[in-house]
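Enquirer: Provided herewith is a single structure, encoded as structure tokens, for subsequent inquiry.
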Amino acid sequence: MHLWAERFDRDADDFFALQDEITRWLAGTLNANLIKAEASHSTDNPDALDYILRGRAAENDGWTRANYVRAIDFFERALALDPRSVEARTLLANLLVNRVLRQQTDTAGADTARADELIGQALAASPQNASVHYVRGQILRIQGRCPEAIPEFERAIAADRNFAAAYGNLGWCKFLTGSVDDMIPLAEQAIRLSPRDPFVGTLYGRIGHVRLLQSRTGEAIAWFKKALIARPIDRLKIIHLFLASAYALQGETELAASELAQARPLFKPDTFSITWVRTQMMYRPEPGPPPAIRALDDRTYFAGLRKAGMPEQ
């Protein structure tokens, strides 16, 4: 099958840099496609690897409770077939963390505890494994321990320089600890390494958020538009709100009202308010950034939502 093609314009004397770039693009592009293709193959005798592929494909289908339940079941089956599998433990722990982060579970405490147990076992068996350190960083992140998560993400990158998700979440933890300007180059590196990642829209949205805080509103709008196209459907409401705020801050009231109108049906009754977004949506389940960054959100994002016409309560 033809899965990927691209053009690269480089000087002939820059061959090795070009080779590295092509390798990164191939890896990022083919990864999700090959997982989906392999997972679709029927088999009468599935083994642990088959269940692992099916689990990864199920998570890539989108951030829904049903997809997480399916993926967890596949990883649990893989672990039952191969109880010593570091990969199955790590992927299952990562999945449990992701559904906590994306608020797709009613058992966040139990999910986090199970993930912590699994990753402890994986770390004991494979202490230099990049993915294990990455998931350890994610666990620390949802526990509100970003200063401890940062070196875990850095260890993951040291072990695998092409670990796109580690760059992205290192950047987010930098943001959550107050280093706003450090986030963008790390997010951009993650995008370069995996430009067709199923969840690349998350990175677009984060860059847009930082640009909005920096009052570079036009740039923020461009990133939010990219996120709107790339992000899974169940996460569109936050992007519509960011766009509504940014347009309102630029004085484009009709566009702001349009984005707000598109966001409203995506909220449950009695949750469409600035107060709810501030207390229940922004940064949860994480503790969030320091007061200085929250103040920037008040002066930009929430000020824009008020101008766009979003109710306070």
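Enquirer: Exactly one condition in (1) acidic (Asp, Glu); (2) at pLDDT 95 or above; (3) crowded, with 19+ Cβ neighbours inside 10 Å is not met by residue 154; state its number.
Expert: That leaves (3) as the condition not met.
Enquirer: While we're here: Pull out all pairs, ordered by first then second residue, where Cβ-Cβ is under 7 Å, the residues are six or more apart or on different chains, the first lies in segment 83-99 and is of a type in the set (Asp, Glu), and the second is modelled with pLDDT under 95.
Expert: So the pair list comes out as 87/52.
Enquirer: Taking the conditions exactly as written (part of a helix (DSSP H, G or I), at pLDDT below 95 and under 16 Å from the mean Cα position of the chain (by Cα)), does residue 94 satisfy them or not?
Expert: no
Enquirer: While we're looking at this one, here's another question. Test residue 273 against the criterion of being within 18 Å of residue 220 (Cα to Cα) and not basic (Lys, Arg), and give yes or no.
Expert: Taking the combined requirement at face value, the residue does not satisfy it.
Enquirer: Residues that are assigned to a helix (DSSP H, G or I), within 30 Å of residue 103 (Cβ to Cβ) and at pLDDT below 90: does segment 59-80 have at least one?
Expert: yes
Enquirer: Which is within 24 Å of residue 59 (Cβ to Cβ) and either assigned to a helix (DSSP H, G or I) or in contact with a Leu (Cβ under 7 Å, 6 or more places away or on another chain) (or both), of 238, 221?
Expert: Going through 238, 221 in turn, just one is within 24 Å of residue 59 (Cβ to Cβ) and either assigned to a helix (DSSP H, G or I) or in contact with a Leu (Cβ under 7 Å, 6 or more places away or on another chain) (or both): 238.
Yes/no per residue for (1) buried (at least 22 other Cβ atoms within 10 Å of the Cβ); (2) modelled with pLDDT of 95 or more; (3) touching a helix residue (DSSP H, G or I) at 6+ places or on another chain (Cβ under 9 Å):
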| site | (1), (2), (3) |
| --- | --- |
| 214 | no, yes, yes |
| 217 | no, yes, yes |
| 224 | yes, yes, yes |
| 229 | no, no, yes |
| 232 | no, no, yes |
| 238 | no, no, yes |
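Enquirer: Which ones in segment 116-147 are over 18 Å from residue 186 (Cα atoms), assigned to a helix (DSSP H, G or I) and free of Cβ contacts under 8 Å to residues at least 40 places away in the same chain?
Expert: Selection gives 116, 117, 118, 119, 120, 121, 122, 123, 124, 136, 140.
Enquirer: Inspect all residues belonging to segment 274-293 and state whether any of them is hydroxyl-bearing (Ser, Thr, Tyr), under 15 Å from residue 213 (Cβ atoms) and either without any contact (Cβ under 8 Å) to a residue 40 or more places away in the chain or not in a helix (DSSP H, G or I) (or both).
Expert: yes
Enquirer: Could you please tell me which pairs satisfy a Cβ distance under 7 Å, a separation of 6+ or placement on different chains, a first residue in segment 36-62 that is within 14 Å of residue 78 (Cβ to Cβ), and a second residue that is modelled with pLDDT under 80 and polar (S, T, N, Q)?
Expert: Between residues of segment 36-62 that are within 14 Å of residue 78 (Cβ to Cβ) and residues that are modelled with pLDDT under 80 and polar (S, T, N, Q), the close pairs are 50/43.
Enquirer: Then there is this: Step by step: first the residues of segment 50-70, then only those that are among the hydroxyl-bearing types (Ser, Thr, Tyr) and closer than 20 Å to residue 201 by Cβ, then the one that is surrounded by the fewest Cβ atoms within 10 Å (Cβ to Cβ). Which residue is that?
Expert: Applying the filter and picking the extreme gives 64.
Enquirer: In the list 192, 206, 161, which residue meets the criterion of being assigned to a helix (DSSP H, G or I) and without any contact (Cβ under 8 Å) to a residue 60 or more places away in the chain?
Expert: Just one listed residue meets the conditions, 206.
The values are calculated or read from the model by the stated rules, or taken from the named source; none is laboratory data. A quick note: this is a predicted structure, and the numbers were derived from the prediction, not measured. With ideal geometry, Cβ positions are generated from the backbone for all residues, glycine too; neighbour counts draw on all protein chains shown.
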